[in-house]
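Only one structure is covered here, and it is reproduced in the block below.
Since every read-out is calculated from the coordinates, none of them should be taken as a lab result. As the structure is a computational prediction, the values presented were derived from the model and not from experiment. In this analysis, Cβ positions are derived from the backbone assuming ideal geometry, glycine residues included, and neighbour counts consider all displayed protein chains.
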Amino acid sequence: MVLHLGNLVIISSKKLIGIFDYNLIKKDGNGELYNFINYSNKKVINVDEGAKIKSLIITDNEIYLSPIATNTLKKRIEKLY
């Protein structure tokens with residue numbers, strides 16, 4: 001099954017590790033997730049360069065920055081299962 005992240009970008013739900021609210025990550029006081037993103041060997045892909053980033057999606061090999069809200073992505077996943 002696949003999950004649509006915006007701008008015709010889809011990922012396999014089997015590769016999904018986590019979905020995070022981008023605004024909460026930016027406000028995170030200890031920066032653990034932010035450091036993980038910067039120091040991981042994962043490729044960072046901005047799904048829509050011109051849009052405001054609302055969510056961060058971590059997969060096996062990539063980190064996606066998506067303009068779709070975290071709650072919307074969560075609802076899409078719930079429909080898959």
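Taken over the stretch 36-81, the residue count meeting the criterion of being under 15 Å from L3 (Cβ atoms) and not polar (S, T, N, Q) is 23. Quickly run through the stretch 16-51 and pick out the residues that are of a type in the set (D, E, K, R), exposed (fewer than 14 other Cβ atoms within 10 Å of the Cβ) and under 12 Å from L65 (Cα atoms). Within the stretch 16-51, K43, E49 qualify. Of everything in the stretch 36-81, what is among the β-branched types (V, I, T) and in contact with a strand residue (DSSP E or B) (Cβ under 8 Å, 6 or more places away or on another chain)? Give them in sequence order. Residues satisfying the conditions are I37, V44, I45, V47, I53, I57, I58, T59, I63, I68, T70, I77. Here is a list of conditions, (1) buried (at least 17 other Cβ atoms within 10 Å of the Cβ); (2) of a type in the set (G, A, S); (3) in contact with a Leu (Cβ under 7 Å, 6 or more places away or on another chain), and S13 meets all of them except one; can you say which number that is? Among (1) buried (at least 17 other Cβ atoms within 10 Å of the Cβ); (2) of a type in the set (G, A, S); (3) in contact with a Leu (Cβ under 7 Å, 6 or more places away or on another chain), the lone unmet condition for S13 is (1).
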